[in-house]
Amino acid sequence: MFIRLVADSFGRRPRHKLLTGAALALGMAVATAALSVSLDVGDRLSREFRSLGANLIVSPTADSLPLEIGGVDYRPANAGAYLLEASIPKIKTVFWHNNIIAFAPTLDVLVHESTKSFQTSASADAKTTLIGTWSHHSVPLADGSAFATGIGQTNPWWRLDEGRWFSDTAAECIIGTKLQKRDGMKVGDELHVEGPNEKVSLKIVGVLTTGDSEDDAIVAPIQVAQQLVGRPGQYRQLYVSALTKPDDDFARRAPSQMSPDELERWSCSPYVSSIAYSIEGVLFADVRVVRRVADGEGRILTRVRTLLWLVTLAALLAAALAVGASSAASVIERRAEIGLMKALGAGSGTVGTLLAAEQLLLAIAGGAVGYAFGILLARIVGEKIFGLAPQPSLLVLAVIIGLAAAVTLAGSAIPLRRASRYEPAPILRGE
Amino acid sequence: MFWRIVRRLIAANRGRLVVILLALSAGATVTAALMNLQVDAKRRLTTEFRNFGANVVVAPRITILGEGPTMSESWLQQIPTSIEDRHVSVVASLYFLGGVSHPFSKDSQEVVVVGSSGTDCVAGSRLAERIHAKVQDELWVGYWASDHGQKQTCRLSAIESTGGPEDDRISIPLVSAQRLAGLLGRVSLIQISVPGTPAEIQNYISNLQNKLPDLDVHGIRQFTEAEGKIYERISGLLSATVVVVLVLTMLCVMAAMTNVAMERKNDVGLMKAIGGATRRVLRLFLAEAATLGLIAGIIGAAAGLALSVALGKAVFGVAAHPRLIVYPIVVALTIVVAVAGAYPLRRLAGIRPASVFRGEA
């Protein structure tokens, strides 16, 4: 009987139910979109921040002080310590390996360079920095797959004006745009390079602009630089770009002063300092956090996240208000019906349960439809703003259905309370 | 007469209208707060970006390696120090290779010395560790090329750790550096920190390039590019939310208005029966909606501006500046939303007086 009454109510006034349901679905769609976007935005933005470049720098522990001015290191080639290129893949074995999205080693060497033969390039003061690095390197991982990385990923603002990146195994190089203008070299030219240990000839395959000191430099495969310095298989600095969680007071404490519990909690959060600590453990090198990048990023991320959560809350409130008002309206409409039911002997409780069941049914249906629409809306917004749609999450679905039910019930509660006090007679008379 | 009826309409349906008024004011509040915050948040963000450091550098055009090229300090006067009433910080520095040692100690550490506009002597953390220097230590700083000549003492006032090249350097006052290196009035690099949107920064750079044709002026792409991208994303998000909140408000009003329309059937039937034209009756209800929008807009916008001040304080730590231009915009928007939300009242036009009086419908 109860179910028949509910079904009958839907069957008899499909248009009315559709309208209320549509309002509910629309409100919930907006709520879903706001929720999914703000759940997703932290990850998206922190990925976006990686275009600022490496936030961790690995260098040898026993290194001498770099004497670097304007991108040129004035240390003699035999000074300072080096790290082994072969041990770099270990970086992908740390606990937070999935957060490490790119890394590239560099080895700088001061060279004489000329497009003509080696003899004529002997003017002693014209020295250029050659940066040895990876352009597209595939690092084998423990699980058998390969991880592709390179300097283009750690420093995304490095762009080629023309030509292409060098191949990591060929005798090729790319040159900085200022260097190219100064010396009038072209893509396709043969460049003769003389380092402290050896001489090599490289083919120019591209022109690089970075807006920084690399504009005056030559960039070549790291093997070439190793050969020029006479340090096969070694590098000097490793740039690491990692997705991190903004630092808080807890993150800044020294791990040596923590209790075991705290240490566990600390190393299980992707703070930049805990990632640095774990890399230090596998590479046995000095890992520095680039504070300027990491702190600025953390601060902006925290702010934007707070802002978005507040805004989502506002959107949820507005949606709740809209849905509540429309369900209130749908109850008021049915005063005559309620009067009739009471006249026929239904108690206030029965009437209330009946109407509440109808509203709940509507809420679940409207919430589900709204969720589907909301995911679509979030997709559009996400694609427009981040170029990537957020992942639909079941958590959001649960929250939305729950919210829809709570809001419709709350919206109907006041008119229902009033309805239970109605005297059937005046309503049936149409007063 | 017209307005008297409107007044009566509002007075007679108090309960329902309070709901509409509440919905409209809530919408107006959120919209005003977000709009105000959006302007302010963008500004704050660009200021926040400057934590990354300088984004524009000026360097001598010719790159001769070795000593490093220098340029005259007088160029500094050509650099504008404000952009739309925001402060642009300009730092000139002179770099040279030098040595640092404890007084009377034989072994001196080779190091990059930076002369910059500060008045203190600051060592990088890695350098300090290497030479076992502590804050308040007295140090000798010398010029590389003259082992016996120029030397200067300085008292270490701080040790900084940035994770960047500063960690390996020592920074002393510019004048001392110039004296040590024998380069009076010369600097090797000017770093400029320009706040503002990507477009404003680009503008500043091209402006400066015209002013200083003999020097190399360029933005540090690492920061300018990433900032541009992030800025775009965040401001897109904020704009999207403003639109969403407006749509929601409209929805809310629509729902409440449907409600009102139901209850007004009798009134409309009576008006029509005594000769009210459909147009006039509709105009009446639209006037009512607009009045509600106006009232809600005025209340909501004021509340919203207050809210945005509080929000700004919560999010950015600095109270948002209330922008008066937001006020009329929000009031106008609320009226538009209220009138658009009155769309369900359209159904009243189709009411036939006779059937209303018979108690049908």
Assess whether A:ASP73 counts as being touching a residue at least 24 places away in the same chain (Cβ under 8 Å), under 29 Å from B:LEU251 (Cα atoms), more than 7 Å from chain B (Cβ to nearest Cβ) and of a type in the set (D, E, K, R). no
Number of the condition not met by B:ILE190 [criteria: (1) β-branched (Val, Ile, Thr); (2) in contact with a strand residue (DSSP E or B) (Cβ under 6 Å, 6 or more places away or on another chain); (3) within 11 Å of chain A (Cβ to nearest Cβ)]: (3)
A:THR302: passes all of (1) facing chain B (nearest Cβ under 7 Å); (2) open to solvent by 20 Å² or more (accessible area, probe 1.4 Å); (3) closer than 30 Å to B:PHE49 by Cα but (1)
What's the number of the only condition in (1) of a type in the set (Gly, Ala, Ser); (2) within 9 Å of chain B (Cβ to nearest Cβ); (3) in contact (Cβ under 8 Å) with a residue 12 or more places away in the chain that A:ALA314 fails to meet? (3)
Matching residues, segment A:371-398, being open to solvent by less than 70 Å² (accessible area, probe 1.4 Å) and of a type in the set (A, V, I, L, M): A:ALA372, A:ILE375, A:LEU377, A:ALA378, A:VAL381, A:ILE385, A:ALA389, A:VAL396, A:LEU397, A:ALA398
The residue that is farthest from the other protein chains (Cβ to nearest Cβ), considering only those in segment A:130-160 that are part of a strand (DSSP E or B), in contact with a Ser or Thr (Cβ under 7 Å, 6 or more places away or on another chain) and under 16 Å from A:VAL224 (Cα atoms), is A:HIS137
Determine which single condition A:VAL351 fails, assuming it passes every other condition in (1) surrounded by fewer than 22 Cβ atoms within 10 Å (Cβ to Cβ); (2) under 20 Å from B:VAL245 (Cα atoms); (3) among the β-branched types (Val, Ile, Thr). (2)
Considering only residues that are in contact (Cβ under 8 Å) with a residue 60 or more places away in the chain and among the hydroxyl-bearing types (Ser, Thr, Tyr), look in segment B:88-105 and name the one that is least open to solvent (accessible area, probe 1.4 Å). B:SER93
Any residue at all in segment A:258-273 that's in contact (Cβ under 8 Å) with a residue 40 or more places away in the chain and within 13 Å of chain B (Cβ to nearest Cβ)? yes
Might you check whether a residue that is within 8 Å of chain A (Cβ to nearest Cβ) and buried (at least 20 other Cβ atoms within 10 Å of the Cβ) occurs anywhere in segment B:259-266? yes
Considering residues of segment A:281-298 that are within 14 Å of chain B (Cβ to nearest Cβ) and at pLDDT 85 or above only, the residue nearest to B:ASN51 (Cα to Cα): A:VAL290
All-but-one check, A:GLN180 against (1) within 14 Å of chain B (Cβ to nearest Cβ); (2) surrounded by fewer than 21 Cβ atoms within 10 Å (Cβ to Cβ), failing number (2)
Take A:GLY195 and decide whether it is modelled with pLDDT of 90 or more and either of a type in the set (A, V, I, L, M) or crowded, with 17+ Cβ neighbours inside 10 Å (or both). no
Please go through segment A:161-184 and give me each residue that is in a loop (DSSP other than H, G, I, E, B) and at pLDDT 85 or above, ordered by number. A:ARG164, A:TRP165, A:PHE166, A:SER167, A:ASP168, A:THR169, A:ALA170, A:ALA171
Exactly one of B:LEU324, B:LEU282 is in a helix (DSSP H, G or I) and surrounded by fewer than 20 Cβ atoms within 10 Å (Cβ to Cβ), and that one is B:LEU282
Identify the single condition in (1) in contact (Cβ under 8 Å) with a residue 12 or more places away in the chain; (2) facing chain B (nearest Cβ under 9 Å); (3) under 20 Å from B:VAL243 (Cα atoms) that A:TRP309 does not satisfy, given that it satisfies every other one. (2)
Which of the residues that make up segment B:239-255 are open to solvent by less than 10 Å² (accessible area, probe 1.4 Å) and either closer than 19 Å to A:ASP43 by Cβ or more than 7 Å from chain A (Cβ to nearest Cβ) (or both)? B:VAL253
Please verify whether A:THR210 is closer than 30 Å to A:GLY70 by Cβ, modelled with pLDDT under 90 and crowded, with 23+ Cβ neighbours inside 10 Å, treating the condition exactly as stated. no
All positions within segment A:338-389 that are charged (D, E, K, R) and free of Cβ contacts under 8 Å to residues at least 12 places away in the same chain: A:ARG379, A:GLU383, A:LYS384
Out of all the residues in segment B:200-233, which are within 16 Å of the chain's Cα centre (by Cα) and at pLDDT 85 or above? B:GLU200, B:ILE201
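Yes/no per residue for (1) touching a residue at least 12 places away in the same chain (Cβ under 8 Å); (2) crowded, with 18+ Cβ neighbours inside 10 Å:
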site: A:PHE2; (1), (2): yes, no
site: A:GLY11; (1), (2): no, no
site: A:GLY27; (1), (2): yes, yes
site: A:VAL41; (1), (2): yes, yes
site: A:LEU45; (1), (2): yes, yes
site: A:LEU56; (1), (2): yes, yes
site: A:ASP63; (1), (2): yes, yes
site: A:GLY80; (1), (2): yes, no
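The values are calculated or read from the model by the stated rules, or taken from the named source; none is laboratory data. Remember, predicted model here, so these are calculated numbers, not experimental data. Note that we place each Cβ from the backbone using ideal geometry, even for glycine, and neighbour counts take in every protein chain shown. Ligands, DNA and RNA are excluded from the accessible area calculation, which covers all protein heavy atoms including side chains. Shrake-Rupley method; radii C 1.70, N 1.55, O 1.52, S 1.80 Å.
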